[in-house]
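The structure appears below as structure tokens.
Each value in this text was obtained by applying a stated rule to the coordinates, not by laboratory testing. Treat the numbers as computed from the prediction; the structure is a model and nothing was measured. Reconstructed Cβ throughout: ideal geometry from the backbone, glycine too, with neighbour counts over all protein chains shown.
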């Protein structure tokens with residue numbers, strides 16, 4: 001069975017620049033940032049993607065968004081930021097562990113890709 005890189009980061013097996021950590025989530029700076037601020041917020045619980053979320057995960061999903069907001073404030077993203085959840089390969093997801101991207105620190109165009 002292959003291991004999940006984000007689970008390894010959550011468990012402290014892989015060092016990372018941690019931006020936030022609590023009982024539900026860990027947030028860390030992306031090693032390949034697409035903006036001056038690019039932080040990934042992941043649940044401690046392994047969920048493959050957004051489609052894996054079930055009734056009962058509402059508070060966890062909301063918590064991930066609120067953590068992103070808190071980090072945006074700490075990072076000084078007063079001019080705005082983007083929060084993205086990719087789902088599946090066509091959605092741009094490259095790691096099979098639900099994660100929220102926080103991007104900011106420069107103007108972000110639309111559509112994103």
- prompt: Is the shape of the stretch 17-56 rounded, prolate or oblate, going by the alpha carbon gyration tensor and its root eigenvalues a ≥ b ≥ c, with a/c under 1.5 for rounded and a/b larger than b/c for prolate?
  reply: oblate
- prompt: According to the square roots a ≥ b ≥ c of the eigenvalues of the Cα gyration tensor, what is the shape class of the stretch 53-112, taking rounded for a/c under 1.5, prolate for a/b larger than b/c otherwise, and oblate for the remainder?
  reply: oblate
query: What value, in deg cm²/dmol to 500, does the helix sum -39500 (n - 2.57) over DSSP H runs of n ≥ 4 give at 222 nm once divided by the residues of the chain?
result: -6000 deg cm²/dmol
query: Which angle between 0 and 90 degrees, to the nearest 10, do you get for helix 58-74 versus the longest principal axis of the chain when only C-alpha atoms count?
result: 40
Spin-label model distance (nm) - residue 48 vs residue 70, 7 Å beyond Cα toward Cβ: 3.0
message: I'd like the Kirkwood hydrodynamic radius of the chain, using the inverse of the mean 1/r over distinct C-alpha pairs, in Å.
response: 14.4
